[in-house]
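See below for the structure under consideration.
The values are calculated or read from the model by the stated rules, or taken from the named source; none is laboratory data. Keep in mind it's a predicted model, so treat the numbers as computed, not measured. Cβ atoms come from the backbone with ideal geometry, glycine included; neighbour counts cover every protein chain shown.
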Amino acid sequence: MTVERAARLLRSRSLAATLSVLCVVVTAACGSSSDLPTNRPRIAFLMPDIEATRYDRFDVPLFLDKVRALCPACEVISRNAVSLHKTQVFQAEEALDAGAKVVVLDPVDGKAAAEIVRKAKAKKAAVISYDRLVENADIDYYISADNENIGRLQATALVQRLRRAGITSGRIVMINGSQTDNNALQYNKGARSVFDSTGFQTVPKPDFFTPGWQPARARDFMAQQISDLRLAKESEPTALGFVGVYAANDGVAAAAIDAMNAAGIRPLPPVTGQDAELPAIRRIVSGEQYMTIQKDYRTEAERAADIAVALLNGKRPQVTARTSEGGRQIPSVFVGAVTLTRENLESAVIDNDIYSFGEICTNDLIGACTDAGLS
């Protein structure tokens, strides 16, 4: 199975059952673990969900390409758990039974995933915690972004946008990610450090965390907030009862925007996001979404591949950063992140070959792309 075919499968939400056992192997055809030849070094690359399109667009192909370049004889078993912890446990067990000696794990549930790490250690396999931290577990390395800083970047961009519009106070609807994802807690902490020092008030209290990052849950939540907070039928932002929306990633941003569109809100208040998904870039061009965060997926995936191949060869790469967790100091790599708005889409996205002009500027967006200065 090619990476391209796997990516097409990942895009199909109706194929969730197939996705739960999907594998991509670098140098062999895709099949069950028992069908794989036994004399090749193997790496498991276990991704958490299909809610974020980043995995099939960036992480999986970048990781596969780098492993292929470093170790042509290596095989990568790449799977997606479609937001199910038990599925991820099964996928890990299957990969370990097939002889994987390194597990690169982006957990569905950062706490429950300690079970996967224990199983890996019992098989004498190393574990790299990828993007999301596996908590209270004997992981070997952690690779991610500075997640508190991402929350600060999101909140700062939103506050600055409001202040430029002359809005210095008011309610901000806060839609956080999954409470089982340590990253979501860190985004929240970083964003709060900004919001709590301004004249803006976040609602509701206590904070809402979107179960499993599921857009449908975020949409329902936003619809309820609109109903609870709206002051009048008029379209002026002051009549809404809120002045902006903090959405922790692009999936929940899309859900919030859907709810506001369904409620007939015009103009839309500024909405944040994260992951630089292609639909989010298009929404930024059209003016529906204010910003998103673009993490350095290439560095994240390629550094994970570097370390994974080194571990297969019995080496332990030296890194300078450490993460304190569970009484341990975990060797860590942190990648950069950039705030994307209409103003820097061309330089940060098109010029860096993240997405092409043609991908972003569909026929219905040509006018908006011209207004945004994209070429």
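Just a few scattered comments:
- The requirement of being farther than 19 Å from ASP109 by Cα, at pLDDT 95 or above and assigned by TED's automatic domain parsing to the domain that holds ILE257 is not satisfied by GLY199.
- Any hit, region 77-84, residues being farther than 20 Å from VAL108 by Cα and either in contact (Cβ under 8 Å) with a residue 40 or more places away in the chain or among the charged types (D, E, K, R) (or both): no
- Among (1) over 30 Å from PRO41 (Cα atoms); (2) surrounded by 17 or more Cβ atoms within 10 Å (Cβ to Cβ); (3) of a type in the set (A, V, I, L, M), the one test that ILE366 misses: (2)
- Looking across region 144-200 at every residue that is of a type in the set (Gly, Ala, Ser), surrounded by 18 or more Cβ atoms within 10 Å (Cβ to Cβ) and in a helix (DSSP H, G or I), the one that is nearest to the chain's Cα centre (by Cα) is identified as ALA184.
- The set of residues in region 66-93 being farther than 22 Å from ARG118 by Cβ and either of a type in the set (A, V, I, L, M, F, W, C) or outside the structural domain of ASP56 (by TED's automatic domain parsing) (or both) consists of VAL67, ALA69, LEU70, CYS71, ALA73, CYS74, VAL76, VAL82.
- Output for region 98-134, where each listed residue is over 18 Å from GLY190 (Cβ atoms), within 20 Å of the chain's Cα centre (by Cα) and acidic (Asp, Glu): ASP106, ASP109
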